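Note sheet for the following structure.
The values are calculated or read from the model by the stated rules, or taken from the named source; none is laboratory data. Since the model is a prediction, treat every value here as computed from it, not as a measurement. Glycine gets a Cβ as well: all are built from the backbone with ideal geometry, and neighbour counts include every protein chain shown.
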Amino acid sequence: MTNPQSDQALREEFNRWAEAGRGEGMEQEHLPITLPVLEKMRLTPADNVLDVGCGAGWLSRRLGKLVPQGRVVGMDIADEMVRHARRASGDFENLMFVTGEVDEIPWEPNFFSHAISVESSYYWPDPAAGIREIFRVLKPGGSAWILINYYRDNAHCHQWGDLLAVKTHLLSAEEWSEFFRGAGFGNVQHERIADPSPTPAVYTGRWFRDAAELRAFKAEGALLVHGVKE
């Protein structure tokens, strides 16, 4: 069941991000932890892939190159992000973008062979409902992959919740895994994906106290949860 108030707040915030150009910068930030996940997914050229929380489409475009005979659908709650993604993706014939909420994915059941979400799921108003919807649109044997940097088991990110303009869910690896199992996924596993990118000697951003905390955060790694629709 959708939550119109939460969905609208999320849409407005990420539309602001899109207008500020933040969608285009996400590839540089997230690619070091995403590339290992793409290897683990073992995509084949004819796969159909759903990118949940696609932002400006950086990951969808990368996926589009990996599945040239398949289809990639990028979905985001923010219509402005979707507009940015469409503008940047005109060269792709196997790629489309839709506006939608994860707890009511605008797609038919049993279609996708893989679904991936990078740095999106802790914003979902109802994460359990989102996982159930991903299960619905995956075909039997399909797999779901959720990658997030903000989770309870990494103490170096807990301060983010107070810095974000929208509500977030700070959940443990086991809580995310339980959402997968509750939705019907089998072979549910979670692991850490360390960020090997270099850390500056001096950190001047707002997300961490200093470079040492950023370095420790990267070493702990992002949380990857995955499962198979059996």
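Of a type in the set (K, R) and in contact with a Pro (Cβ under 8 Å, 6 or more places away or on another chain), is that true of R83? Break it down into steps so the answer makes sense when it comes.
Numbers: of a type in the set (K, R): yes; in contact with a Pro (Cβ under 8 Å, 6 or more places away or on another chain): no.
It is false that R83 is of a type in the set (K, R) and in contact with a Pro (Cβ under 8 Å, 6 or more places away or on another chain).
Keeping to the range 116-134, report how many residues are assigned to a helix (DSSP H, G or I) and either buried (at least 21 other Cβ atoms within 10 Å of the Cβ) or modelled with pLDDT under 95 (or both).
The number of residues fulfilling the criteria is 7.
Among what's in the range 19-28 and is at pLDDT 70 or above and either surrounded by 15 or more Cβ atoms within 10 Å (Cβ to Cβ) or in contact with a strand residue (DSSP E or B) (Cβ under 9 Å, 6 or more places away or on another chain) (or both), pick the residue that is farthest from W124 (Cα to Cα).
E27
In the range 202-230, which residues are in contact with a helix residue (DSSP H, G or I) (Cβ under 6 Å, 6 or more places away or on another chain), part of a loop (DSSP other than H, G, I, E, B) and among the small types (G, A, S)?
Answer for the range 202-230, where residues must be in contact with a helix residue (DSSP H, G or I) (Cβ under 6 Å, 6 or more places away or on another chain), part of a loop (DSSP other than H, G, I, E, B) and among the small types (G, A, S): there is none.
Could you please tell me which pairs satisfy a Cβ distance under 6 Å, a separation of 6+ or placement on different chains, a first residue in the range 103-124 that is more than 22 Å from Q8 (Cβ to Cβ), and a second residue that is hydroxyl-bearing (S, T, Y) and part of a strand (DSSP E or B)?
Pairs that qualify, where the first residue is more than 22 Å from Q8 (Cβ to Cβ) and the partner is hydroxyl-bearing (S, T, Y) and part of a strand (DSSP E or B), are H114/S143.
Can you name the residue in the range 146-163 that is part of a loop (DSSP other than H, G, I, E, B), in contact (Cβ under 8 Å) with a residue 24 or more places away in the chain and over 17 Å from the mean Cα position of the chain (by Cα) and is also surrounded by the fewest Cβ atoms within 10 Å (Cβ to Cβ) among such residues? Before you say what the answer is, go through the steps one by one.
Step one: filter the range 146-163 for residues part of a loop (DSSP other than H, G, I, E, B), giving 149-154, 158-159.
Applying the additional criterion that residues be in contact (Cβ under 8 Å) with a residue 24 or more places away in the chain yields 149-151, 153-154, 159.
Filter once more, so that each one left must be over 17 Å from the mean Cα position of the chain (by Cα): 153-154, 159.
Numbers: D153: 16, N154: 21, Q159: 13.
Here the answer is Q159.
Looking for something among the aliphatic types (A, V, I, L, M) and part of a helix (DSSP H, G or I) - is there at least one such residue anywhere in the range 48-59?
Checking the range 48-59: at least one residue is among the aliphatic types (A, V, I, L, M) and part of a helix (DSSP H, G or I).
Name the one entry in S143, S177 that is touching a residue at least 12 places away in the same chain (Cβ under 8 Å) and not in a helix (DSSP H, G or I).
Unique residue meeting the criteria: S143.
Given the conditions (1) of a type outside the set (S, T, N, Q); (2) touching a Leu at 6+ places or on another chain (Cβ under 8 Å); (3) modelled with pLDDT under 95; (4) closer than 23 Å to R62 by Cα, and given that A88 satisfies all but one, which numbered condition is not satisfied?
(2)
Would you be able to say whether some residue in the range 57-73 is modelled with pLDDT under 80, out of contact with any Ser or Thr (no Cβ under 8 Å at 6 or more places or on another chain) and farther than 20 Å from W145 by Cα?
no
So which residues in the range 35-55 are closer than 25 Å to M81 by Cβ and among the β-branched types (V, I, T)?
V37, V49, V52
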